[in-house]
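**Q** Sharing a structure here in structure tokens format.
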Amino acid sequence: MKKIAIASFAAVVIGCGAITLAAPSNAVTTSSAGTQSSPIAGQIMVKFRDNGAAAGVLRQHGLSQGAGIGSTGAHLIKVPAGKELQLIEALSRNPAVEYAEPDELVTAATADEYFPRQYALQNNGQSFTNTAGGLAVAGGTVDADVDAVEAWNVTTGTGTKVAVLDSGVASDNTDIAPKVVARANFSDATTSEDNYGHGTHVAGIIAAIANNTIGVAGVCPDCTILDGKVLNDSGSGSTSGIANGINWAVSNGAKVINMSLGLRVSSQTLETAVNNAWNQGAVIVAAAGNTGTQSKIYPGAYANVIAVAATDNTDAKASFSTYGAKVVDVAAPGVNVYSTFPNHPFYLGTQNGRSQGYDVASGTSMASPIVAGVAALAWSSHSGATQTSVRANVESTADKIPGTGTYWAYGRVNADKAVRTP
């Protein structure tokens, strides 16, 4: 599968030069330049035109049949380490094979500064500065939030299921754990617990409990979360894991799927999983990436995915954010976004100095769940909504901030407009 980078804490794999995340022990690591891939050793993905011929074709190469990958029709085939590309080329020449491709390494990327305030939900034109004594509030002229609080007068998203395909959601943070209605592990981690931290932060941005006197509030505070762990405790995973997670999310009733991760090269298996989810009625949202360039990052670059860039508290494009009107659909706050973290030691806390419980993180990984939350609110507020109408609500009502038409196609999302516009 392709290399997927979480667009948040450290502009890593697709980022602007922060922390390089550790690859799993079975990963084949290559240069992180633009379109280069990082195939996982010992496995490839193959889709046959004729499944009846699969066993015979594989036997010719000393291989055995493997497990199906979600609803994509592709199979995960175990191969000798170091022979991945050779076997892909050989299988691709067989007329019974529709395609063969690597199973790419998936990792997380982030860009951080401390900024303990949820300006993304409602800032009333204020700007915030972290000082030694706490938070200083200064008058400002830019209203850079997504008007989530105003949208709550229409809906808080009761019962709308949002799938978070990430590193898991911590079971010990009481501001988000109660919102999880199903969990599944598609990574090579031994448990579904979030020991990396990224997924808990993303989930909190979407659906942390509001008005409970503690912590933070999510964009869609009465949404529920489907926790699909596709990244392990070091923030790495595989394209096949993501595809399986997408299939699981749809099977469990996800109205919105958030993927704060990114792959440098396209995968037919992943694109098929995305298209299947879209065709079954899910809105798919993904981080555009932290490249600081106009490079395409997948799954965000697929046609049936809303790709999200990051802005700051002045509505300016974040320096690390991927951009381009032909690459990015919408923008959302992604700099110093305050949200939930595990209440136990976790990788990003150790590596990036994040606090247990609550802290800030930056990246398109933080912008993407804001848009996912807005999409969930739009689902909840429109009778007879479809994936097509919800996507149109989110994109057409975005505020046309500076950069619209250049950095992103539609603008910075506005939840209040999205829930009120027919």
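**Q** Looking at the range 204-216, can you tell me whether even one residue there is more than 18 Å from Thr340 (Cα to Cα), modelled with pLDDT of 95 or more, surrounded by 24 or more Cβ atoms within 10 Å (Cβ to Cβ) and touching a strand residue (DSSP E or B) at 6+ places or on another chain (Cβ under 8 Å)?
**A** Initial filter on the range 204-216 (more than 18 Å from Thr340 (Cα to Cα)): none.
No, the conditions are met nowhere in the range 204-216.
**Q** Then there is this: Would you call Ser319 surrounded by fewer than 20 Cβ atoms within 10 Å (Cβ to Cβ), more than 29 Å from Gly159 (Cα to Cα) and either among the small types (Gly, Ala, Ser) or free of Cβ contacts under 8 Å to residues at least 40 places away in the same chain (or both)?
**A** Details: surrounded by fewer than 20 Cβ atoms within 10 Å (Cβ to Cβ): yes; more than 29 Å from Gly159 (Cα to Cα): yes; either among the small types (Gly, Ala, Ser) or free of Cβ contacts under 8 Å to residues at least 40 places away in the same chain (or both): yes.
Yes; evaluated as a whole, the condition is true for this residue.
**Q** Another question, then. Return the total of residues in the range 354-383 being free of Cβ contacts under 8 Å to residues at least 60 places away in the same chain and of a type in the set (Gly, Ala, Ser).
**A** Let us first name the residues in the range 354-383 that are free of Cβ contacts under 8 Å to residues at least 60 places away in the same chain, namely 355-356, 378, 382-383.
Checking the rest, the ones that are also of a type in the set (Gly, Ala, Ser) come to 355, 378, 383.
The number of residues fulfilling the criteria is 3.
**Q** Go through the range 210-227 and give me each residue that's farther than 13 Å from Val169 by Cβ and of a type in the set (Ser, Thr, Tyr).
**A** Thr213
**Q** Next up: Just to check your reading of the model, which residue among Ala375, Ala332 is of a type outside the set (Phe, Trp, Tyr) and part of a strand (DSSP E or B)? Quick ask: steps written out before the conclusion?
**A** On the way: Ala375 fails: part of a strand (DSSP E or B).
Selected residue: Ala332, the only one of Ala375, Ala332 that is of a type outside the set (Phe, Trp, Tyr) and part of a strand (DSSP E or B).
**Q** Go through the range 383-405 and report how many residues are surrounded by 14 or more Cβ atoms within 10 Å (Cβ to Cβ) and of a type in the set (Gly, Ala, Ser).
**A** So the count comes out to 5.
**Q** Does Gly204 meet the test of being under 23 Å from Gln118 (Cα atoms), in contact (Cβ under 8 Å) with a residue 24 or more places away in the chain and over 17 Å from the mean Cα position of the chain (by Cα)?
**A** On the way: under 23 Å from Gln118 (Cα atoms): yes; in contact (Cβ under 8 Å) with a residue 24 or more places away in the chain: yes; over 17 Å from the mean Cα position of the chain (by Cα): no.
No; evaluated as a whole, the condition is false for this residue.
**Q** Going through the range 145-180 one residue at a time, which ones are over 19 Å from the mean Cα position of the chain (by Cα) and outside any loop (DSSP other than H, G, I, E, B)?
**A** Once the filter is applied, which keeps residues that are over 19 Å from the mean Cα position of the chain (by Cα) and outside any loop (DSSP other than H, G, I, E, B), the range 145-180 yields Ala148, Val149, Glu150, Ala151, Pro178.
**Q** Out of Ala170, Ala144, Ala108, I need the residue that is over 30 Å from Ser267 (Cβ atoms) and modelled with pLDDT of 50 or more. Which one? If you could, list the steps in order and put the result at the bottom.
**A** On the way: Ala170 fails: over 30 Å from Ser267 (Cβ atoms); Ala108 fails: over 30 Å from Ser267 (Cβ atoms).
Unique residue meeting the criteria: Ala144.
**Q** Right, something else. Taking the criterion of being within 18 Å of Ile205 (Cα to Cα), part of a loop (DSSP other than H, G, I, E, B) and touching a helix residue (DSSP H, G or I) at 6+ places or on another chain (Cβ under 8 Å), would at least one residue in the range 386-404 satisfy it?
**A** Of all residues in the range 386-404, those within 18 Å of Ile205 (Cα to Cα) come to 394.
Still in the running and part of a loop (DSSP other than H, G, I, E, B): none.
Scanning the range 386-404, I find no residue that is within 18 Å of Ile205 (Cα to Cα), part of a loop (DSSP other than H, G, I, E, B) and touching a helix residue (DSSP H, G or I) at 6+ places or on another chain (Cβ under 8 Å), so the answer is no.
**Q** From the list Asn252, Asn313, Asn258, which residue is surrounded by fewer than 24 Cβ atoms within 10 Å (Cβ to Cβ), closer than 13 Å to Ala163 by Cβ and out of contact with any Cys (no Cβ under 9 Å at 6 or more places or on another chain)? Even if it seems obvious, please write down each step before you answer.
**A** Values: Asn313 fails: closer than 13 Å to Ala163 by Cβ; Asn258 fails: surrounded by fewer than 24 Cβ atoms within 10 Å (Cβ to Cβ).
Unique residue meeting the criteria: Asn252.
**Q** Could you list, in sequence order, the residues of the range 234-267 that are of a type in the set (D, E, K, R) and either at pLDDT 95 or above or touching a strand residue (DSSP E or B) at 6+ places or on another chain (Cβ under 6 Å) (or both)? Even if it seems obvious, please write down each step before you answer.
**A** Taking the range 234-267 as the starting set, the residues that turn out to be of a type in the set (D, E, K, R) are 255, 264.
Lys255, the sole residue that qualifies.
**Q** Identify all residues within the range 297-310 that are surrounded by 24 or more Cβ atoms within 10 Å (Cβ to Cβ) and touching a residue at least 24 places away in the same chain (Cβ under 8 Å); write none if there are none.
**A** Within the range 297-310, Ile297, Tyr298, Pro299, Gly300, Val305, Ile306, Val308, Ala309, Ala310 meet the criteria.
**Q** So, one more: Look at Leu270 and say whether it is crowded, with 24+ Cβ neighbours inside 10 Å, modelled with pLDDT of 95 or more, under 19 Å from Gly197 (Cβ atoms) and of a type outside the set (S, T, N, Q). Even if it seems obvious, please write down each step before you answer.
**A** Working: crowded, with 24+ Cβ neighbours inside 10 Å: yes; modelled with pLDDT of 95 or more: yes; under 19 Å from Gly197 (Cβ atoms): no; of a type outside the set (S, T, N, Q): yes.
Judged against the criteria, Leu270 is not a match.
**Q** Shifting gears a bit: Could you tell me how many of the residues in the range 181-195 are closer than 25 Å to Leu121 by Cβ and assigned to a loop (DSSP other than H, G, I, E, B)? Before you say what the answer is, go through the steps one by one.
**A** Restricting attention to the range 181-195, the residues satisfying the condition of being closer than 25 Å to Leu121 by Cβ are 181, 194.
Those left that are additionally assigned to a loop (DSSP other than H, G, I, E, B): 194.
Going through the range 181-195 one residue at a time, the tally reaches 1.
**Q** Counting only residues that are over 18 Å from Ser71 (Cβ atoms) and either among the basic types (Lys, Arg) or in a helix (DSSP H, G or I) (or both), how many does the range 233-277 have?
**A** Taking the range 233-277 first, the residues over 18 Å from Ser71 (Cβ atoms) are 233-237, 256, 258, 260-266.
With either among the basic types (Lys, Arg) or in a helix (DSSP H, G or I) (or both) added as a condition, the list becomes 264.
Adding up the residues that qualify gives 1.
**Q** Quick one: count up the residues across the range 268-279 that are touching a residue at least 60 places away in the same chain (Cβ under 8 Å) and within 16 Å of the chain's Cα centre (by Cα). Break it down into steps so the answer makes sense when it comes.
**A** Initially, the range 268-279 is screened for residues touching a residue at least 60 places away in the same chain (Cβ under 8 Å), giving 268-270, 272-273, 276, 278.
Filter again for within 16 Å of the chain's Cα centre (by Cα), leaving 270, 273, 278.
Count: 3.
**Q** Considering (1) assigned by TED's automatic domain parsing to the domain that holds Pro39; (2) at pLDDT below 95; (3) assigned to a loop (DSSP other than H, G, I, E, B), say which one Asn123 fails and leave the rest.
**A** Of the numbered conditions (1) assigned by TED's automatic domain parsing to the domain that holds Pro39; (2) at pLDDT below 95; (3) assigned to a loop (DSSP other than H, G, I, E, B), the odd one out for Asn123 is (1).
**Q** Quick one: would you say Gly289 is outside any helix (DSSP H, G or I) and surrounded by 24 or more Cβ atoms within 10 Å (Cβ to Cβ)?
**A** Values: outside any helix (DSSP H, G or I): yes; surrounded by 24 or more Cβ atoms within 10 Å (Cβ to Cβ): yes.
Yes.
**Q** Examine the range 363-371 for a residue that is part of a loop (DSSP other than H, G, I, E, B), on the phi < 0 side of the Ramachandran plot, within 20 Å of the chain's Cα centre (by Cα) and β-branched (Val, Ile, Thr), and state whether such a residue exists. Lay out the reasoning, then the answer.
**A** Kept after step one, since they are part of a loop (DSSP other than H, G, I, E, B), are these residues of the range 363-371: 363.
Those left that are additionally on the phi < 0 side of the Ramachandran plot: none.
No, that holds for no residue.
**Q** Looking at the range 209-219 only, could you name the residues that are of a type in the set (Gly, Ala, Ser) and under 17 Å from the mean Cα position of the chain (by Cα)? If you could, list the steps in order and put the result at the bottom.
**A** Quick first cut of the range 209-219, residues of a type in the set (Gly, Ala, Ser) only: 210, 215, 217-218.
Residue satisfying the conditions is Gly218 alone.
The values are calculated or read from the model by the stated rules, or taken from the named source; none is laboratory data. Only a predicted model underlies this, so the values are computations on that prediction, with no experimental measurement involved. Cβ sites come from the backbone with ideal geometry, for glycine too, and all protein chains shown count toward neighbours.
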